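In what follows, a single structure is set out as structure tokens and then discussed.
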Amino acid sequence: MFLEHVISPLLGSKYVDVGKRVKVSREFLELVEKNVLSQRPAWRVDASKVDTHCDSVLILSDHSIFPTGIQEGEPCLCVEIKPKCGFLPISEFIGEENRIKQSVSRYKMHQALKLHGKEISSFSEYDPLDLFSGVMNRIQKSIKDLFSSPQNNFRVFLDGSLIFGTLGGIADSTNSVIQEAFEDALKDVIVGDQGRRTDSFIQLIAETIYTSGVMERLIKLQKLDNLDIEGAIHAYYNIISEPCKVCRELGEEKVRDKYTTLHSISLDESLKIVKNFLIGTTAKDCSLMMSFKLKKEGDTESIYDSVYLKSTSQTFDYKACFIDLDLKPFENMQEYYEKDKKIVSCYTQMVKSEQEVEKN
């Protein structure tokens, strides 16, 4: 219902698979849990489990392939991108000590926390602000950066099978062995000499993002969060009718200056703020799947959009779909606030340390 009545009208039904709900038995879900468990990376095993008490599931299409692609023997190339937040917040409720959020993207700051927690071994050069910029050379740079350091933000499939990146885990830097294997895997889809196909692939993705306007749709959804968590958290405490823990932590002086107005708004206004924040958070955490297949010569009846790749003189049909558009839990608001603090604090500390090293 969330996908059908909230997300689909906002993103466009063309880009959202609302799925089909079907009844299932407990035995079926227990088997799914057993089969999936062995394929999960160790750090994801306890992250979420199949609820075997459910009586229904959601069936979604496999967006890594075209519905008719494999049957017709045409290779299908698919890219999965987790874009993350594509704008800098301008909320008046951002604290003075957190102003860095208004000049450095959340993704870049989060890298510091991930490095500190040993989730990654090196920083990624990728910046979502490039991907969402609407400027061709910046979009192209963002795809290159994702290819160089995919982490869990970039995957490529060929005929539904993963050929680049990892499922569930985090892939750090792309070395020459991985790059050569990928270059070789592209030979049935993208024409060109050895060593040139990856560049053409990056151009294809950048060109599609630039011409399709998919990122413009997504950023509109992300920007529904217009108060930032530092504003939305106060509306959350209005809704649950509990004394605001955040105000207590901040102290009377800061609260009087900034947040009193938020605690005097109506319940409807508070609900709207939190609802928009949660929709925005879903949009910041979703993935984009873009599938490509060569357009047949003389095919004028294709139902798909197409993109022309100048470097190889090839035309591709493509389809784009956003996935992982689950409703974020209302109860997680305090957790979002704490994580935001942690990300900013870790990044600020890293910058200070670097400055001290430079001085010495």
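Taking Glu92, is it assigned to a helix (DSSP H, G or I) and either open to solvent by 30 Å² or more (accessible area, probe 1.4 Å) or touching a Lys or Arg at 6+ places or on another chain (Cβ under 7 Å) (or both)? Criteria not met by Glu92.
Which of the residues spanning the range 162-198 are under 23 Å from the mean Cα position of the chain (by Cα) and either open to solvent by 70 Å² or more (accessible area, probe 1.4 Å) or over 16 Å from Cys78 (Cα atoms) (or both)? Of everything in the range 162-198, those that are under 23 Å from the mean Cα position of the chain (by Cα) and either open to solvent by 70 Å² or more (accessible area, probe 1.4 Å) or over 16 Å from Cys78 (Cα atoms) (or both) turn out to be Leu167, Gly168, Gly169, Ile170, Ala171, Asp172, Ser173, Thr174.
Restricting attention to the range 127-164, the residues that are part of a helix (DSSP H, G or I) and either within 23 Å of Val189 (Cα to Cα) or in contact with a Phe, Trp or Tyr (Cβ under 8 Å, 6 or more places away or on another chain) (or both) add up to 13. The set of residues from the range 126-159 being open to solvent by 30 Å² or more (accessible area, probe 1.4 Å), more than 16 Å from the chain's Cα centre (by Cα) and in contact (Cβ under 8 Å) with a residue 12 or more places away in the chain comprises Gly134, Met136, Gln140, Lys144, Ser148, Leu158, Asp159.
Only residues that are farther than 30 Å from Leu3 by Cβ, within 26 Å of the chain's Cα centre (by Cα) and either of a type in the set (A, V, I, L, M, F, W, C) or crowded, with 18+ Cβ neighbours inside 10 Å (or both) were counted across the range 336-360, and they come to 5.
Condition check ((1) in contact (Cβ under 8 Å) with a residue 24 or more places away in the chain; (2) closer than 30 Å to Tyr210 by Cα) across all residues:
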site: Ser302; (1), (2): no, yes
site: Val307; (1), (2): yes, yes
site: Thr315; (1), (2): no, yes
site: Tyr318; (1), (2): yes, yes
site: Leu327; (1), (2): yes, yes
site: Phe330; (1), (2): yes, no
site: Lys342; (1), (2): yes, no
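Among the criteria (1) assigned to a loop (DSSP other than H, G, I, E, B); (2) in contact with an Asp or Glu (Cβ under 8 Å, 6 or more places away or on another chain); (3) of a type in the set (Gly, Ala, Ser); (4) within 19 Å of Glu207 (Cβ to Cβ), the one Ser124 does not fulfil is (4). In the range 160-185, the residues that are closer than 13 Å to Phe201 by Cβ form Cβ pairs under 7 Å with partners that are assigned to a loop (DSSP other than H, G, I, E, B) and open to solvent by 40 Å² or more (accessible area, probe 1.4 Å), at six or more places apart or across chains, as follows: Glu183/Gln194; Glu183/Gly195.
Going through Gly117, Gly12, Gly86 one at a time, which residue ends up being at pLDDT 90 or above and over 26 Å from Leu162 (Cβ atoms)?
Details: Gly117 fails: over 26 Å from Leu162 (Cβ atoms); Gly86 fails: over 26 Å from Leu162 (Cβ atoms).
Every option except Gly12 fails the conditions.
Out of Asp62, Asp55, I need the residue that is in contact (Cβ under 8 Å) with a residue 24 or more places away in the chain, open to solvent by 60 Å² or more (accessible area, probe 1.4 Å) and under 27 Å from Ile143 (Cα atoms). Which one?
Values: Asp55 fails: under 27 Å from Ile143 (Cα atoms).
Being in contact (Cβ under 8 Å) with a residue 24 or more places away in the chain, open to solvent by 60 Å² or more (accessible area, probe 1.4 Å) and under 27 Å from Ile143 (Cα atoms) holds for just one of Asp62, Asp55, which is Asp62.
The single condition among (1) more than 25 Å from Lys342 (Cβ to Cβ); (2) touching a residue at least 12 places away in the same chain (Cβ under 8 Å); (3) within 21 Å of the chain's Cα centre (by Cα) that Lys223 does not satisfy is (1).
Listed by first and then second residue, the pairs linking a residue in the range 104-125 that is under 15 Å from Pro89 (Cα atoms) and open to solvent by 40 Å² or more (accessible area, probe 1.4 Å) to a residue that is basic (Lys, Arg) and not in a loop (DSSP other than H, G, I, E, B), with Cβ atoms under 8 Å apart and 6 or more places separating them unless they lie on different chains, are Arg106/Lys284.
Scan the range 45-61 and give yes if some residue there is at pLDDT 90 or above, assigned to a helix (DSSP H, G or I), farther than 30 Å from Glu216 by Cβ and of a type in the set (Val, Ile, Thr), otherwise no. Within the range 45-61 (the criterion being at pLDDT 90 or above, assigned to a helix (DSSP H, G or I), farther than 30 Å from Glu216 by Cβ and of a type in the set (Val, Ile, Thr)), the answer is no, since none of the residues qualifies. Criterion first (in contact with a helix residue (DSSP H, G or I) (Cβ under 7 Å, 6 or more places away or on another chain) and among the β-branched types (Val, Ile, Thr)) does Ile229 satisfy it? So Ile229 passes the test. In the set Leu294, Leu325, only one residue is out of contact with any helix residue (DSSP H, G or I) (no Cβ under 6 Å at 6 or more places or on another chain) and aliphatic (A, V, I, L, M); that residue is Leu294. When Phe123, Phe132, Phe157 are checked against the criterion of being under 24 Å from Glu183 (Cβ atoms) and not hydroxyl-bearing (Ser, Thr, Tyr), Phe157 stands alone in meeting it. Restricting the range 314-335 to residues that are open to solvent by less than 50 Å² (accessible area, probe 1.4 Å) and not in a strand (DSSP E or B), the residue that is farthest from Ile100 (Cα to Cα) is Leu325. On the given criteria, is Gln203 at pLDDT 95 or above, open to solvent by 20 Å² or more (accessible area, probe 1.4 Å) and within 24 Å of the chain's Cα centre (by Cα)? Against the criterion (at pLDDT 95 or above, open to solvent by 20 Å² or more (accessible area, probe 1.4 Å) and within 24 Å of the chain's Cα centre (by Cα)), Gln203 qualifies.
The values are calculated or read from the model by the stated rules, or taken from the named source; none is laboratory data. Keep in mind that what you see is a predicted model, and the values were worked out from it rather than measured. Cβ atoms come from the backbone with ideal geometry, glycine included; neighbour counts cover every protein chain shown. Note: accessible area is taken over every heavy atom of the protein model, side chains too, but ligands, DNA and RNA are not part of it. Shrake-Rupley method; radii C 1.70, N 1.55, O 1.52, S 1.80 Å.
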